[in-house]
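> Input: one structure, supplied below.
The values are calculated or read from the model by the stated rules, or taken from the named source; none is laboratory data. Since the structure is predicted, the reported quantities are computational estimates derived from the model, not experimental observations. Here the Cβ positions follow ideal geometry from the backbone for every residue, glycine too, while neighbour counts run over all protein chains shown.
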Amino acid sequence: MKTALITGISGQDGSYLAELLLAKGYQVHGLIRRSSTFNTSRIQHLYQDPHTPNPRLSLTYGDLTDEGAVIRLVERIQPDEIYNLAAQSHVRVSFDSPGYTADVTARGTLNLLECIRHSGKRTRFYQASSSEMFGLVQETPQRETTPFYPRSPYAVSKMFAHWMTVNYREAYDIFACSGILFNHESPRRGETFVTRKITRAAARIKLGLEDVLYLGNLDARRDWGFAGDYVEAMWMMLQQDAPDDYVVATGETHTVRDFLDVTFDHLGLDWRKHVKIDPRYFRPTEVDLLLGDSTRAREKLGWAPRVRFQELAKMMADADLAAESRICKSEGRI
Ligand code: NAP
Ligand code: GDD
């Protein structure tokens, strides 16, 4: 049985990846942060029942910035594969907390690479790199060879982690892959990212729970895919004969406005009656356009996205409508 460590297991991608690896028979270890409220809701269903934890899923408290804790965990579990998904992952927040973002997203990655370098075990490493590294894009579509031009402390931190991953592969012969993933969403997406913010607000407007949705730049274009499809690419990268870096994307780009159109239409609403622009949501430096070319992943990994843009937006809107309706019913409001 293979053993995997997932940092960021409580996040969107971590939860889908844990599902995938458990289904493949892995022993899965996750690093979770202590928080004043429960932060394991996305992986709760992976326990057989709330009182009997799944014997193949084990969670350990720790922070990626705590080098000693990370070293002890890796030494104890001796993983065959490490998936580094933990990060301060919000681009807007990274302008407010650049130092913290660098500590976790950049330096935290180095902590893991150092563990592998010193462990003597041939642990395979996946780094969650980002299309944000392309930033002020130097060519379209963006591919593995496109020069980076990061536009936020988050993107600069991800670039550090990306190049450390490449450097440790070349310098120490570590099986380390960097997945340059374009935006991917799901009903488990964090509520402050634009897609989920839109689908959740549309559901609440539909139910009469709120009326106004405040947003920033509606002209930004993103290549949006489904998180469930993207974690398969992560796993595939670590099953190859040789490590490499891969762009993972759908090859379609849409504006935030397009996402509003599909979501609100689907729920029988007109977003123009509800959306107001709030400058607080603009970024000091914006990434205007992302569009990925995932030819390498398609040809070498045999990976392809299954869920397209419209289906994704509708899936998220339906899930939010169902969740908000359940809350209303439990509170006796409908
Ligand atoms: P997410 O939902 O924000 O999850 C981030 C995870 O990192 C959470 O489990 C979080 O724990 C954990 N974390 C944050 N700081 C930590 C720390 N100091 N120590 C340990 N754990 C920490 O992000 P996601 O959407 O799943 O993305 C997964 C990874 O892929 C991230 O590295 C992200 O930057 C990268 N990425 C995402 C996308 C995308 O479109 N989703 C695209 C490209 C790259 P809590 O639950 O306690 O907050
Ligand atoms: N979050 C947010 N909130 N974004 C808004 C809003 C708003 O109210 N209004 C407009 N936007 C615009 C942002 O300015 C940005 O251009 C776009 O919507 C997408 O924003 P996010 O959903 O926050 O995602 P992101 O593209 O900045 O970053 C995500 O994708 C990256 C991959 O390209 C994150 O998941 C990163 O962790 C990931 O690396």
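> Do we find that Ser157 is assigned to a helix (DSSP H, G or I), on the phi < 0 side of the Ramachandran plot, surrounded by 20 or more Cβ atoms within 10 Å (Cβ to Cβ) and touching a helix residue (DSSP H, G or I) at 6+ places or on another chain (Cβ under 8 Å) in this structure?
For Ser157, the condition - assigned to a helix (DSSP H, G or I), on the phi < 0 side of the Ramachandran plot, surrounded by 20 or more Cβ atoms within 10 Å (Cβ to Cβ) and touching a helix residue (DSSP H, G or I) at 6+ places or on another chain (Cβ under 8 Å) - is met.
> Give the number of residues within segment 131-148 that are surrounded by 20 or more Cβ atoms within 10 Å (Cβ to Cβ) and touching a strand residue (DSSP E or B) at 6+ places or on another chain (Cβ under 8 Å).
Here the count works out to 5.
Here is a yes/no grid of residues against (1) within 17 Å of Phe226 (Cα to Cα); (2) surrounded by 13 or more Cβ atoms within 10 Å (Cβ to Cβ):
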| site | (1), (2) |
| --- | --- |
| Lys276 | no, no |
| Tyr281 | no, yes |
| Asp293 | yes, yes |
| Trp303 | yes, yes |
| Phe309 | yes, yes |
| Ser325 | no, yes |
| Glu331 | no, no |
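> Which condition number in (1) within 15 Å of Thr195 (Cβ to Cβ); (2) surrounded by 19 or more Cβ atoms within 10 Å (Cβ to Cβ); (3) in contact (Cβ under 8 Å) with a residue 60 or more places away in the chain is the one that Thr253 fails?
Condition (3) is where Thr253 drops out.
> While we're looking at this one, here's another question. What is the number of the single condition among (1) under 21 Å from Ser325 (Cβ atoms); (2) within 12 Å of ligand 2 (Cβ to nearest atom) that Trp224 does not meet?
Going through (1) under 21 Å from Ser325 (Cβ atoms); (2) within 12 Å of ligand 2 (Cβ to nearest atom) one by one, Trp224 breaks only (1).
> Sticking with this one: Which residues, taken from segment 121-154, are away from ligand 1 (no atom under 13 Å from the Cβ), hydrophobic (A, V, I, L, M, F, W, C), under 23 Å from Pro243 (Cβ atoms) and not in a strand (DSSP E or B)?
Scanning segment 121-154 gives a single hit, Phe148.
> For segment 69-92, give me each residue that is among the hydrophobic types (A, V, I, L, M, F, W, C) and either in a loop (DSSP other than H, G, I, E, B) or near ligand 1 (Cβ under 10 Å from one of its atoms) (or both).
Ala69, Val70, Leu85, Ala86, Ala87, Val91
> Still on this model: Filter segment 13-64 for residues that are crowded, with 21+ Cβ neighbours inside 10 Å, near ligand 1 (Cβ under 10 Å from one of its atoms) and of a type in the set (Ser, Thr, Tyr) and give the result.
Within segment 13-64, Ser15, Tyr16 qualify.
> Cβ contacts < 9 Å: first residue within 17 Å of Tyr126 (Cα to Cα), restricted to segment 61-81; second residue part of a strand (DSSP E or B) and aromatic (Phe, Trp, Tyr), any location; separation 6+ or different chain. Result?
If the second residue must be part of a strand (DSSP E or B) and aromatic (Phe, Trp, Tyr), the pairs left are Glu81/Phe125; Glu81/Tyr126.
> Further, regarding this structure: Yes or no: Glu170 in the same structural domain as Gly228 (by TED's automatic domain parsing), surrounded by fewer than 18 Cβ atoms within 10 Å (Cβ to Cβ), closer than 25 Å to Thr65 by Cα and more than 15 Å from ligand 2 (Cβ to nearest atom)?
yes
> May I pose another question? Need the failing condition index for Gly62 against (1) at pLDDT 95 or above; (2) in contact with a Phe, Trp or Tyr (Cβ under 6 Å, 6 or more places away or on another chain), just the number.
Every condition holds for Gly62 apart from (2).
> Let me ask you something else. Residue pairs, Cβ under 9 Å, 6 or more apart or interchain, first in segment 178-207 and near ligand 2 (Cβ under 10 Å from one of its atoms), second assigned to a loop (DSSP other than H, G, I, E, B) and among the aromatic types (Phe, Trp, Tyr). List them.
Pairs that qualify, where the first residue is near ligand 2 (Cβ under 10 Å from one of its atoms) and the partner is assigned to a loop (DSSP other than H, G, I, E, B) and among the aromatic types (Phe, Trp, Tyr), are Phe182/Trp224; Asn183/Phe193; Asn183/Trp224; His184/Trp224; Glu185/Phe193; Glu185/Trp224; Thr195/Trp224.
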